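Everything on this sheet refers to the single structure shown next.
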Amino acid sequence: MKFSFPVPAHTEPPPELLRPPRGSYIAFTLLVAVVFNLVSLPDLISQVKPDFVALIIVYWSLHSPYRLGYIVVWLLGLVMDIASGAWFGQHALTYTLLLYLSTVFQRRITMFPLIYQVFHVGTLLLVIQLVTPVLRLMGDEDFPGFPYFLPTLIGALLWPLVITSLRAPMRQVTDQTPA
């Protein structure tokens, strides 16, 4: 008498094998993100352009925690402050806060499927984007309005593309020929 176990109809694919990222690759992705942030675009597009540096910081803090340090992120924020003409320390504060929050919630976010990660990353981006108007409201400036938060939505929607594009160079080629 033969016993066989039922095979589930839906089986998950095996987890993707990725090589550990090199420090030079992390630095390159951050440099490309800074360039994307600083590229001048028409007004309509620049108003909804997400903060690419923030997306890359979230990616590396989630998928390779402890490779980015707070000092590196803070200095990167100061560079963005100087380059964009923002209040000195504004990006440094928000990027450092983003690194902290994404490191704290790293295990929680990475255990979810990609579609749910979009909501978590959107929440992280929203939290750091709320810091700037709060600081400016304390400095007697006006509330920027709700279109100010469109880059957060766009950044969250770009999250699957960010993951796919940053993982591509780290994929290991596996031999799929049957033995």
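Tabulated data for the structure shown
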{"read-out": "Test set (1) in contact with a Ser or Thr (Cβ under 9 Å, 6 or more places away or on another chain); (2) over 19 Å from Leu135 (Cα atoms); (3) not in a helix (DSSP H, G or I) - Phe112 fails condition number", "value": "(1)"}
{"read-out": "Output for segment 49-72, where each listed residue is more than 13 Å from the chain's Cα centre (by Cα) and over 13 Å from Asn37 (Cβ atoms)", "value": "Tyr66, Arg67, Gly69, Tyr70, Ile71, Val72"}
{"read-out": "Positions within segment 113-135 being of a type outside the set (A, V, I, L, M), surrounded by 14 or more Cβ atoms within 10 Å (Cβ to Cβ) and over 13 Å from the mean Cα position of the chain (by Cα), in sequence order", "value": "Gln129, Thr132, Pro133"}
{"read-out": "Every pair of residues 6+ apart whose Cβ atoms lie under 7 Å, when the first sits in segment 132-155 and is without any contact (Cβ under 8 Å) to a residue 60 or more places away in the chain and over 20 Å from Pro50 (Cβ atoms) while the second is hydrophobic (A, V, I, L, M, F, W, C) and loosely packed, with under 12 Cβ neighbours inside 10 Å", "value": "Leu137/Phe143"}
{"read-out": "Any hit, segment 50-68, residues being among the polar types (S, T, N, Q), modelled with pLDDT of 90 or more and either part of a loop (DSSP other than H, G, I, E, B) or within 18 Å of Ala156 (Cα to Cα) (or both)", "value": "yes"}
{"read-out": "Any hit, segment 99-112, residues being under 14 Å from Pro160 (Cα atoms), surrounded by fewer than 16 Cβ atoms within 10 Å (Cβ to Cβ) and of a type outside the set (Ser, Thr, Tyr)", "value": "yes"}
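The values are calculated or read from the model by the stated rules, or taken from the named source; none is laboratory data. Predicted model, so just to flag it, every value in this text is computed and none were measured. No Cβ is skipped: glycine too gets one built from the backbone with ideal geometry, and neighbour counts run over all protein chains shown.
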